[in-house]
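The values are calculated or read from the model by the stated rules, or taken from the named source; none is laboratory data. The structure displayed is predicted, hence computed values, not measured ones. Note that we place each Cβ from the backbone using ideal geometry, even for glycine, and neighbour counts take in every protein chain shown.
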Amino acid sequence: MEYFSEGRGLLVWAFLLGLTGIGSIVAIRFSKSKEYTGQSIIPTLMILFPLLLWAVTFSFPTEEAGPALIPRLWIFWIVLLSAILLGFCVFGKTEKDPKRGRIGFLIIGIGLVISYYFAMDYLGYFISSFFFLAILMYMLSYRKPLTIILVCSGWVLFSYLIFYKLLYIQLPLGFIEIFI
């Protein structure tokens with residue numbers, strides 16, 4: 001299995017997973033569950049992408065509780081829960097796809113995520129996360145300013161305490177690096 005963890009083997013694995021994903025979406029599209037095709041795309045991707053990462057873990061050192069354990073546990077749960085969601089789509093136990101979407105809304109959302117990514121270098125993780133969450137909540141039609149501020153502040157405080165102070169994860173600090 002280590003062959004699939006890097007280089008040409010990983011490329012072959014990615015190609016096979018891609019074909020599997022396209023095949024499953026096409027199969028759903030032309031089945032009796034075709035009204036759920038859009039709903040099934042995300043669970044399908046959330047099964048296939050972790051399986052690609054699973055192959056990468058074979059190049060990790062092998063120990064009883066080594067570096068591959070936690071990623072494999074996360075991959076297991078992501079695949080299991082996504083398979084349950086995909087089952088809901090296949091058996092029609094979820095809402096049908098909406099007739100029309102708002103593509104402009106999607107483009108603005110993608111632009112917001114890209115802006116957030118680049119803003120982290122300049123503003124830092126904490127400030128850019130606060131603004132990203134606030135703008136996203138407002139964009140998603142939540143209009144209570146006090147709640148938006150409390151949720152965003154709570155997330156920033158949680159991130160600071162858990163990731164930065166407790167787990168010592170180096171987050172980009174931007175211009176506030178001189179103050180912390």
message: Against the condition crowded, with 16+ Cβ neighbours inside 10 Å, assigned by TED's automatic domain parsing to the domain that holds residue 61, modelled with pLDDT of 85 or more and in a helix (DSSP H, G or I), how does residue 27 come out, does it pass?
response: no
Counting only residues that are under 14 Å from residue 85 (Cα atoms), without any contact (Cβ under 8 Å) to a residue 60 or more places away in the chain and over 20 Å from the mean Cα position of the chain (by Cα), the range 31-70 contains a total of 1
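Only one residue in 173, 85 is in the same structural domain as residue 37 (by TED's automatic domain parsing) and not acidic (Asp, Glu). Which one?
Working: 173 fails: in the same structural domain as residue 37 (by TED's automatic domain parsing).
That would be 85, the only listed residue that is in the same structural domain as residue 37 (by TED's automatic domain parsing) and not acidic (Asp, Glu).
Here are 149, 178, 127: which of them is under 24 Å from residue 109 (Cβ atoms), over 22 Å from the mean Cα position of the chain (by Cα) and of a type in the set (Val, Ile, Thr)?
Details: 178 fails: under 24 Å from residue 109 (Cβ atoms); 127 fails: over 22 Å from the mean Cα position of the chain (by Cα).
Just a single option satisfies the conditions, and that option is 149.
Could you tell me how many of the residues in the range 5-21 are surrounded by 12 or more Cβ atoms within 10 Å (Cβ to Cβ) and not in a loop (DSSP other than H, G, I, E, B)?
11
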